[in-house]
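K.L.:
Structure incoming, see below.
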Amino acid sequence: AMGKSAQFPFHTWLADAMAGPTPVSALIHAATMVTAGVYLVIRASTLYDLVPEVSYIIALLGAFVAIFAASMALVARDLKRIIAYSTLSQLGYMFVAAGLGAYGIALFHLATHAFFKSLLFLGAGNVMHAMNDKLDIKKMGGLFKPLKFTAILMCIGSLALAGIYPFAGFFSKDLILGYS
């Protein structure tokens, strides 16, 4: 489950896997493939309930990955890598919730994450198309006027990703933080 969801120390493949394909195939990968590890941890929860120490290790690794991946996203310049690292960070949140026994909250964050991440991936595809497949965010200035609708939608997705009220990410992250 940790390898499927690219949790530490198995995290190195995710950014490379999402940086290569088109945004739509990366979206399918982010929304279904890597979240399968979280679902596997939730389904195997009866095993983790027998040995609570394993659950705490899962939660600690999830917290570490959430912070580590968010830090990596802050210094990355490639648009799809930034989205990949943010996916990894959100998976860390889900593992924290699952490790603490808040399985319903982990699934809720999984569902909300799928919605705002799909918005970001599709918006990134539109930006890439407008930039002739250039991914360096340092060269993406001045796109608000030609891509006004995309910019607004990506701002909404980014606010949800950041957990700002009243967007979906706020409610799921608030429940995770409240439970922990």
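K.L.:
Run the simple label-point estimate for I57 and A111 please: 7 Å along Cα→C-beta, distance reported in nm.
P.N.:
3.2
K.L.:
Quick one: order L88, L135 by neighbouring beta-carbon count within 10 Å, fewest to most.
P.N.:
So the ranking, lowest neighbour count to highest, is L135, L88.
K.L.:
So if we plug the beta-carbon distance of A130 and A36 into 1/(1 + (r/R0)^6) with R0 = 41 Å, what FRET efficiency do we get, rounded to 0.05?
P.N.:
On the way: r = 32 Å, r/R0 = 0.79.
So, using R0 = 41 Å, E works out to roughly 0.80.
K.L.:
Per 0.36 nm of contour for each residue apart, how much would the distance between R43 and I137 grow if the chain were fully extended, relative to their Cα-Cα spacing? Can you show the working numbers first?
P.N.:
Numbers: separation 94, 0.36 × 94 = 33.84 nm, distance 3.87 nm.
Result for the pair: 30.0 nm of gain on full extension.
K.L.:
Below 18 Å, Cα to Cα, which lysines can K148 reach? Residues fewer than 8 away in the same chain don't count.
P.N.:
K139
K.L.:
A follow-up question, please. For the range 12-179, with the dipole built from +1 on Lys and Arg beta-carbon atoms and -1 on Asp and Glu ones, taken about the Cα centre, which of G123, I57, G142 lies farthest toward the positive end?
P.N.:
G142
K.L.:
Once the piece of chain linking I164 and Y179 is laid out straight, how much longer is it, given 0.36 nm per residue of separation minus the C-alpha distance between them?
P.N.:
Difference between extended and current length: 3.6 nm.
K.L.:
With r defined as the distance between the Cβ atoms of F149 and A70 and R0 fixed at 22 Å, what FRET efficiency is calculated, to the nearest 0.05?
P.N.:
For F149 and A70, the calculated efficiency is 0.20.
K.L.:
Taking the Cα centre as origin and putting +1 on Lys and Arg beta-carbons and -1 on Asp and Glu beta-carbons, what dipole magnitude results for the range 12-179, to the nearest 20 debye?
P.N.:
Magnitude of the dipole: close to 620 debye.
Values quoted throughout were computed directly from the atomic coordinates according to the rules given, and no laboratory measurement underlies them. In this text the structure is predicted, and so the values were computed from the model without any measurement. Here the Cβ is made from the backbone with ideal geometry for all residues, glycine too, and neighbour counts use every protein chain on show.
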